[in-house]
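Notes to accompany the following structure.
The values are calculated or read from the model by the stated rules, or taken from the named source; none is laboratory data. These figures come from a predicted structure and were not determined experimentally. Here the Cβ is made from the backbone with ideal geometry for all residues, glycine too, and neighbour counts use every protein chain on show. Areas reflect the complete protein model, heavy atoms only, side chains present, ligands, DNA and RNA absent. Shrake-Rupley method; radii C 1.70, N 1.55, O 1.52, S 1.80 Å.
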Amino acid sequence: MKPIILQGHERSLTQIVFNSEGDLLFSASKDSVVNAWFTSNGERLGTFGGIKGDGGHNGSVWTVAVDSQSRFLITGAADNCMKLWDISTGKCLFTWEFLTAVKRVQWNEDDDTILSITEQRSGQPSIIRIFKINRDEPSAQTTTPITTMTLSGSKATVALWSPLSEYILTGHESGKVAKYDVKSGEEVNYIDDAHSGEITDIQSSPDGTYFITSSKDKTARIFDSETLQEMKVYTTETPLNSACIAPLRPYVILGGGQDAMSVTTTSQRAGKFESRFWHKLFEEEVGRVKGHFGPINTLAVHPQGKAYASGAEDGFVRVHWFDEGYFRSRPFGDLEPEVEV
Amino acid sequence: MSELEQIDGFSEEDQLDLQAELQEGFAEIEEKYAVDTQQGFENVLVIDNIPVIDEAKKQKLVDRLRQLFAKAGAAIEEENISMPWDDKAATNKGFIFLTYPDAPQAENALRLLDGAAFGKNTLYVNRFGDIERYANLPVGEGELPTGWREKSYVEKDHLRSWLGDSAGRDQYVTFRDQDVSVWWNGRNGVSEPVKIDGKPLKNSKWGELYLQWSPLGTYLSSLHRVGVALWSGPKLDGPIGVNVLRFTHPGVRLIQFSPCENYLVTWSEEPLDNFENHPNAALRETFGPEDEGNQYVIWDVKAQRVLRTFPADKPVQGEDGPQQMAWPAFKWSPDDAYVARCNVGVGIAVYELPGMGLLDKKSIKIDGVQNFEWCPMSEKDFVARKTGKGKEGSFVFWTPEAPNQPARVSIMSIPSRNILRAKNLFNVTDCKFYWQNQGDFLCVKVDRHARKAKSKKATFCNLELFRVREKDYPVEVIEFKDYVPQFAWEPQGNRFAIVSSNDPNYGQGIPGVVVKYNIDFYQLDQKKGDFIAIKHLDGKIANTLVWSPRGRHIALATIGSSQKFDVEFWDLDFVVDERRETSEPGANVTMLASGEHYGITDIAWDPSGRYLATSASSWRQTPEPGFCVWDFKGQQLVHQPQDRFKQFLWRPRPPTLLSKDQIKKVRKELKEYSRSFDEDDAAEENRGSAEKLAQRQRDISEWNAWRSRNNKKLDDERAKSGKEKKVVKQDVETEEKVEEIVEELLDETEEVVVG
């Protein structure tokens, strides 16, 4: 499994996503640009932003989301802006401006609505906004959200659409996991102590009926999207920054490492900057992939389960295509759950 | 009637009368002249502990005693001193009688003379009457001495039950945060908690300070702020005073068992107070006023009482400030018969057990003595000692150079105090003693400095190897140009390993620099009788040598480095080619495997030599606390990183009870035995994996049920909302061919054409 190393960012990665076919990878970085890559060979397709006056972001890009048709890209950044891009041309189509940084964006499954989370800062509360996207006239978007959820308690750090786009599932700084009704904006369900540390990532299963959260408390957990019931716990020895669920094979992939601040004080070994593969059902670690020399900030898995990619504090993205052995190996003998795609 | 018969000329009647009369008269006389031991000797004293002398010195002794008595204010005439004499030995009996003119004078003398010092002896004075009275005290009747408390007998749980494990597993203790757990170390790293009545062994009291096993594994000792507790028996718990022994010593920090577990030394940072009026009865009863200010306490473990207390060492001023406290301060002879303490520069005090009195009442005066170490005893020595044929115990000590006198290392026998062997040494900075664990060999590692060097910092080393079992203790010297920080004998063997370093960075403590070491193995050449190097390993980073307790295997570890955490497993008898073995002694020294335990701070073999545990304790600086268990082949079986992990302790085992012949028999029939063990192993494996399998199957069926429930719900909802089921796009073409044209510029030359 020789990795393809994507060298195109000058600063650490914040989020990476595959498009729905898995042939493109979008990477957001603190160097204020988003890159698009061909996953098959690591060639760069293009860059969103980066040139003065082209409408790019003017601060760390925190989040990126691609629609299922690979037409539009949504990005959120530290310059308090959220932008809509045309993927084929690389042009910025629309910009929303807020009072604080945009930490997370996400398309719903129908590609017509997005969510955004803004940071809690200088007196501003953390707000989740839902926007309708005009796909026919992409440069004429509305700046009025259809729903606004102002969070009074612990701020939300990550969020996800539920399968039928009726709810939003959020992970919070306090370790709370909650479920909000999109129409009413009300919190309909929550678990206060889902994690004992900040939730750093939330990613859905292929069908959306369950999701995985990663946390600074060194664990990753799987929850039922419907009931928020905790299904599985994966306990590691380092703070986790990202987690995803691999299709086809019964694995979850976890990544992390200690805080970027303390990295310099310990050796590379201490950091454990490895992607860890855990058996989804048996909660046992089955393998690790080394390579990064900084904490892994973000993980993404190919929608068809053929590859996965990791983006790290070291500024590199590593794309790993799974080889034959990955699909054939049966580390627990004949015990295999039903295949999910 | 004999008297009567002698009286002739009386009638029979008269005779009877006379007899009655006489008997009456005798009784009268007897009563009148009866000697009352309680009275009549009030003026007589007995003085004990008088030096034993022969005839020639008798007069001198009497004169000297009279001088002493006169000086004390209890003068006595010579004819009133009576000295019982042992004719057989031609000496006095060690005590004298003093007869004073009257009782008040005697009382006065008793008060003045009791406890007086006469030369080295302390005189003990008693009333003559008291001796009679106490000697005739009725036994088994009357009042018991004060302080006696009635205790009902409680059966002690078996102290060595853990050795009866059918699988022969060893136990270990892990200490994490505040929790202590006891485990069975099963085959292939499958550990299971030690259970009592189906519940894992737990004790919330164990986690206060730290834990230590006694040397034979009988007791688990836990340190508390108020003292030490020893836990024994299958439950490591039980009635106090029976299976739980408590030793009160406030502020105790360090403890040490004697090798046979009979005695315990405790050391506290706080000197003992005067506990006379202390509210805690245990403290009041344990320590007396004479113990005030002392920091060491020597205990009898089984009797749970103080044998003696000692003050702390006087701080020794070294070249670079006060030296660190030497621990253990008290060193035990291997048979628990003596305990000795080195008074640096002055001598060695050897105390006899269990009285804790100085051997021959005086310490051994050795000018300049720096350190000493007892010679261990082999199983054979113990047997010989029992039958009375064994040789004396001994220890080795060294004295540094003094004007016109070389440094010297000597072996002294105890109790006879004979110097068995001495050797002079030159340019010595320090000496370290390494006894082979059977007492066959002694290595004195002599750290030396250059002859005219200003600083006495050691820069190179000599190994002085004493062959203790041979006549006159032949010595062989191996000189090194480098410094040798580590030396280790193979247990039960005749090989040793050393770590040396010629790296200029050694000892500089530069952070981030990995110091290189050389490791050498030596072996006793049986024919020539000297030690030869058999293997040299160059440029290693390992700095710690740990022999398996059974010999043959050795682990080389890198401990205390911030970058390297290697553990290497070596086998010294790994037969690759039998022909080579005979021609080349080092041919079988083979590395079996190497591994890494990130953050390692401690390393220990299990008592059987089958497994090795490496641990990273949060007490030291480690980036990842936890422990690993490896087998002797170097395969990692367990890797358990645990936050706030503190201690990993194998439970030691006492020496085997099998005789040599029995061991031989077992060796011979090993195949028979191993067959049954193989069967057990297989059964165990099946059982373990069956359990796991069942658990996993449960996991899968639960998951699948949950998934299908959820899928159905989702489908229903989709149908209700009229949304299409999202189909994940699958690539139609199975393989996408990506053609890549690579242009490679092989050579580029620029030619300038001059027209």
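Data table
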{"read-out": "Subset tally (residues that are in a strand (DSSP E or B), within 14 Å of chain B (Cβ to nearest Cβ) and open to solvent by 30 Å² or more (accessible area, probe 1.4 Å)) for the range A:300-341", "value": "1"}
{"read-out": "Number of the condition not met by A:ILE222 [criteria: (1) closer than 23 Å to A:LEU13 by Cβ; (2) within 14 Å of chain B (Cβ to nearest Cβ)]", "value": "(1)"}
{"read-out": "Subset tally (residues that are of a type in the set (Gly, Ala, Ser) and either farther than 24 Å from B:ARG653 by Cβ or open to solvent by 90 Å² or more (accessible area, probe 1.4 Å) (or both)) for the range B:147-205", "value": "5"}
{"read-out": "Candidates B:VAL666, B:VAL638 - the one that is open to solvent by less than 60 Å² (accessible area, probe 1.4 Å), touching a helix residue (DSSP H, G or I) at 6+ places or on another chain (Cβ under 9 Å) and within 14 Å of chain A (Cβ to nearest Cβ)", "value": "B:VAL638"}
{"read-out": "Index of the failed condition, B:LEU61 passing every other in (1) closer than 26 Å to B:LYS361 by Cα; (2) touching a residue at least 60 places away in the same chain (Cβ under 8 Å); (3) open to solvent by less than 50 Å² (accessible area, probe 1.4 Å)", "value": "(2)"}
{"read-out": "Residue in the range B:509-521 that is within 28 Å of the chain's Cα centre (by Cα), modelled with pLDDT of 90 or more and open to solvent by less than 30 Å² (accessible area, probe 1.4 Å) present", "value": "yes"}
{"read-out": "Odd one out for B:ASN494 among (1) surrounded by fewer than 19 Cβ atoms within 10 Å (Cβ to Cβ); (2) farther than 21 Å from B:VAL396 by Cα", "value": "(2)"}
{"read-out": "Flag if A:ASP23 is at positive phi and within 14 Å of chain B (Cβ to nearest Cβ)", "value": "no"}
{"read-out": "Any hit, the range B:651-658, residues being under 30 Å from A:THR236 (Cα atoms), in contact (Cβ under 8 Å) with a residue 24 or more places away in the chain, part of a strand (DSSP E or B) and not hydroxyl-bearing (Ser, Thr, Tyr)", "value": "no"}
{"read-out": "Single residue of the range A:232-247 satisfying the filter (in a loop (DSSP other than H, G, I, E, B) and within 11 Å of A:GLN258 (Cβ to Cβ)) that is least open to solvent (accessible area, probe 1.4 Å)", "value": "A:THR238"}
{"read-out": "Subset of the range B:287-303 [open to solvent by less than 60 Å² (accessible area, probe 1.4 Å) and either touching a Lys or Arg at 6+ places or on another chain (Cβ under 6 Å) or in a loop (DSSP other than H, G, I, E, B) (or both)]", "value": "B:PHE287, B:GLY288, B:GLY293, B:ASN294, B:GLN295, B:ILE298, B:VAL301, B:ALA303"}
{"read-out": "Residue tally, condition open to solvent by 70 Å² or more (accessible area, probe 1.4 Å) and modelled with pLDDT of 70 or more, over the range B:23-58", "value": "17"}
{"read-out": "Odd one out for B:SER394, checked against (1) modelled with pLDDT under 85; (2) polar (S, T, N, Q); (3) touching a Leu at 6+ places or on another chain (Cβ under 8 Å)", "value": "(1)"}
{"read-out": "Of all residues in the range A:271-288 being part of a loop (DSSP other than H, G, I, E, B) and basic (Lys, Arg), the one that is farthest from A:THR238 (Cα to Cα)", "value": "A:LYS280"}
{"read-out": "Where A:SER122 falls short, out of the listed (1) on the phi > 0 side of the Ramachandran plot; (2) open to solvent by less than 20 Å² (accessible area, probe 1.4 Å)", "value": "(2)"}
{"read-out": "The lone exception for A:THR200 - which of (1) more than 18 Å from A:VAL301 (Cα to Cα); (2) more than 14 Å from chain B (Cβ to nearest Cβ); (3) among the β-branched types (Val, Ile, Thr) it fails", "value": "(1)"}
{"read-out": "Index of the failed condition, B:SER617 passing every other in (1) farther than 29 Å from A:LYS272 by Cα; (2) buried (at least 19 other Cβ atoms within 10 Å of the Cβ)", "value": "(1)"}
{"read-out": "Residue check for B:SER701: part of a helix (DSSP H, G or I), within 12 Å of chain A (Cβ to nearest Cβ) and either exposed (fewer than 13 other Cβ atoms within 10 Å of the Cβ) or in contact with a strand residue (DSSP E or B) (Cβ under 8 Å, 6 or more places away or on another chain) (or both)", "value": "yes"}
{"read-out": "Positions within the range B:441-488 being in a strand (DSSP E or B) and of a type in the set (Phe, Trp, Tyr), in sequence order", "value": "B:PHE441, B:PHE460, B:PHE466, B:PHE480, B:TYR483, B:PHE487"}
{"read-out": "Check on B:LYS535, in contact with a helix residue (DSSP H, G or I) (Cβ under 8 Å, 6 or more places away or on another chain), of a type in the set (Lys, Arg) and more than 30 Å from B:ASP381 (Cβ to Cβ)", "value": "yes"}
{"read-out": "Residues satisfying the stated conditions in the range B:676-694, i.e. surrounded by fewer than 11 Cβ atoms within 10 Å (Cβ to Cβ) and either in contact (Cβ under 8 Å) with a residue 40 or more places away in the chain or under 45 Å from the mean Cα position of the chain (by Cα) (or both)", "value": "B:SER676, B:ASP678, B:GLU679, B:ALA682, B:ALA683, B:ARG687, B:ALA690, B:GLU691"}
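Rundown of residues vs (1) closer than 19 Å to B:ARG707 by Cβ; (2) hydroxyl-bearing (Ser, Thr, Tyr); (3) open to solvent by 50 Å² or more (accessible area, probe 1.4 Å), yes/no style:
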{"residue": "A:THR170", "(1), (2), (3)": "no, yes, no"}
{"residue": "A:VAL182", "(1), (2), (3)": "no, no, no"}
{"residue": "A:ALA194", "(1), (2), (3)": "no, no, no"}
{"residue": "A:GLY197", "(1), (2), (3)": "no, no, no"}
{"residue": "A:GLN203", "(1), (2), (3)": "yes, no, no"}
{"residue": "A:PHE211", "(1), (2), (3)": "yes, no, no"}
{"residue": "A:SER214", "(1), (2), (3)": "no, yes, no"}
